[in-house]
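Everything on this sheet refers to the single structure shown next.
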Amino acid sequence: MTETISAFDVLVTSPGRNYVIVKITSSSGLVGWGDATLNGRELAVASYLRDHIGPTLVGRNPGNIEDIWQYLYRGAYWRRGPVTMAAIGGIDLALWDLLGKTLEVPVYRLLGGAVRSRVLTYTHASGWSQAELEDAVDARRAEGFRAVRAQFGVPGLDMVYGITRDAEYEPASRGSRPAEETWDAGAYLRHAPEVLMGLREHVGPELHLLHDAHHRLNATQAARLAKELEPVDLFWLEDLIPAENQELLRRVREHSTTPLAIGEVFTTIWDCRTILSERLVDYIRTAVGHAGGISHLRKILHYAEVHQVDGGPHGPSDVSPLSMAASIHVGLSTHNFGIQELMGYPKLTTEVFQPGYTFTDGYLHPGEASGLGVHVDEEAAAAFPYERAYLPVARTRDGAITDW
Ligand code: EZ4
Ligand code: CO
């Protein structure tokens, strides 16, 4: 007898930070889990799922994953956008998880099997001063990481996104409105090359170093930074300019051979079209949950493969362990997968999500459990109700809002 979707549920939980979880139950009683978290806009996705698209899925064959994807994407008059694509992504992940559990195989085998034995990963290190940054990078290296994203303070600014002196690094803060920071691109550009050159001297040639500019530069500033950082030999320089201005990356490319990465806020293959077809970046950062799930990320990566661009998916702590697992399954089974970001999670998250993937010597493996391999504890999830939280916003010295 053909399986059908018998129940569709959405859980919103906050074990250290907010997550939106899709739960799809099949007529045989198996459960597939997906991640539909959209940092700072969680309840919009939960409503989109609960109120609008979840009810249309009950009674369908959960194994028709591609048809369900097309139904939700093409069948909707209103396409694209982060809320829509995170919702579709959450459903897609849950359906792949369910199919793996039904067939009793890990998802990477459904995707064609392993093309590598392990997936390279990078994590974050930050310090306000050079010495603090070097200590933080050393600590991550001691944990086994072979690639580290380095972020640092800027003289004259009080706060810089992603830098904290607190024990737990958490860029989204709880409260009724976002925190506000001051941003000064000139001060940052004067300071960044010196810090990153010093860090390269400190760590030696082998450790992969990455840096993220969070879309806060214009094309001229971006080209200058990429050029000046060439001696640092970065693994990549991330999100130099606002993501919707893809054509402007041509200017940056003309001036530098520093590898570039962009795309954590892109949600469809159409958002990636120019940068991939012109090879304006070396790594495409679309996240498996935010960009329509495994089904759609794979299309993006296949299109990237044609243009010699590798994958480097977004993996901060707002990408839940369910998405992290899905991304690792894609990484193990996709030839042009370059590296997976792994920021790490607040301690409380493991009370809700118990992942089966493992970290060894700087590499990830998804494990051999059926489906995505992440156990979700519903009782624990219910014990952590949603708490409003936002990423900060930044203003320039004259008070105008900056790009993210
Ligand atoms: O700003 O996860 O590469 N990682 C990042 C993150 C993002 C947040 C946004 O949700 O840029 O720190
Ligand atoms: Co980033």
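The values are calculated or read from the model by the stated rules, or taken from the named source; none is laboratory data. As the structure is a prediction and not an experimental result, all values here were calculated from the model. Note: ideal-geometry Cβ built from the backbone for every residue, glycine included; neighbour counts use all protein chains shown. Side chains are part of the model used for accessible areas, which takes the heavy atoms of the whole protein and leaves out ligands, DNA and RNA. Shrake-Rupley method; radii C 1.70, N 1.55, O 1.52, S 1.80 Å.
For every residue, the table says whether it meets (1) more than 20 Å from the chain's Cα centre (by Cα); (2) in a helix (DSSP H, G or I).
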position: TYR77; (1), (2): yes, no
position: LYS101; (1), (2): yes, yes
position: VAL115; (1), (2): yes, no
position: THR121; (1), (2): no, no
position: ASP135; (1), (2): yes, yes
position: ARG141; (1), (2): yes, yes
position: ARG149; (1), (2): no, no
position: TYR161; (1), (2): no, no
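Among the residues making up the stretch 137-173, those that are small (Gly, Ala, Ser), open to solvent by less than 60 Å² (accessible area, probe 1.4 Å), within 25 Å of VAL393 (Cβ to Cβ) and more than 16 Å from ligand 2 (Cβ to nearest atom) are GLY153, SER173. Quick one: would you say SER277 is open to solvent by 10 Å² or more (accessible area, probe 1.4 Å), closer than 22 Å to GLY371 by Cα, more than 16 Å from ligand 2 (Cβ to nearest atom) and at pLDDT 95 or above? So SER277 does not fit the description; no. Just wondering, is there one or more residues in the stretch 343-358 that are surrounded by fewer than 24 Cβ atoms within 10 Å (Cβ to Cβ), under 14 Å from the mean Cα position of the chain (by Cα), among the hydrophobic types (A, V, I, L, M, F, W, C) and modelled with pLDDT of 95 or more? Within the stretch 343-358 (the criterion being surrounded by fewer than 24 Cβ atoms within 10 Å (Cβ to Cβ), under 14 Å from the mean Cα position of the chain (by Cα), among the hydrophobic types (A, V, I, L, M, F, W, C) and modelled with pLDDT of 95 or more), the answer is yes, since at least one residue qualifies.
Could you tell me whether VAL265 is among the β-branched types (Val, Ile, Thr), within 16 Å of ligand 2 (Cβ to nearest atom), under 30 Å from ASN64 (Cα atoms) and not in a helix (DSSP H, G or I)? When the stated conditions are applied, VAL265 passes them.
In the stretch 178-216, the qualifying residues are those that are in contact with a Pro (Cβ under 9 Å, 6 or more places away or on another chain) and assigned to a loop (DSSP other than H, G, I, E, B), and the one that is surrounded by the most Cβ atoms within 10 Å (Cβ to Cβ) is ARG216.
Taking the conditions exactly as written (on the phi > 0 side of the Ramachandran plot, buried (at least 19 other Cβ atoms within 10 Å of the Cβ) and not assigned by TED's automatic domain parsing to the domain that holds ASP271), does GLY373 satisfy them or not? Criteria met by GLY373. Counted as qualifying within the stretch 1-71 are the strands (runs of 3 or more DSSP E) with 2 or more residues that are among the small types (Gly, Ala, Ser), namely 5-13, 31-35.
Residues checked against (1) under 16 Å from GLU134 (Cβ atoms); (2) within 16 Å of ligand 2 (Cβ to nearest atom):
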{"residue": "TYR188", "(1), (2)": "no, yes"}
{"residue": "LEU207", "(1), (2)": "yes, no"}
{"residue": "ALA213", "(1), (2)": "no, yes"}
{"residue": "ASN218", "(1), (2)": "no, no"}
{"residue": "ASP233", "(1), (2)": "no, no"}
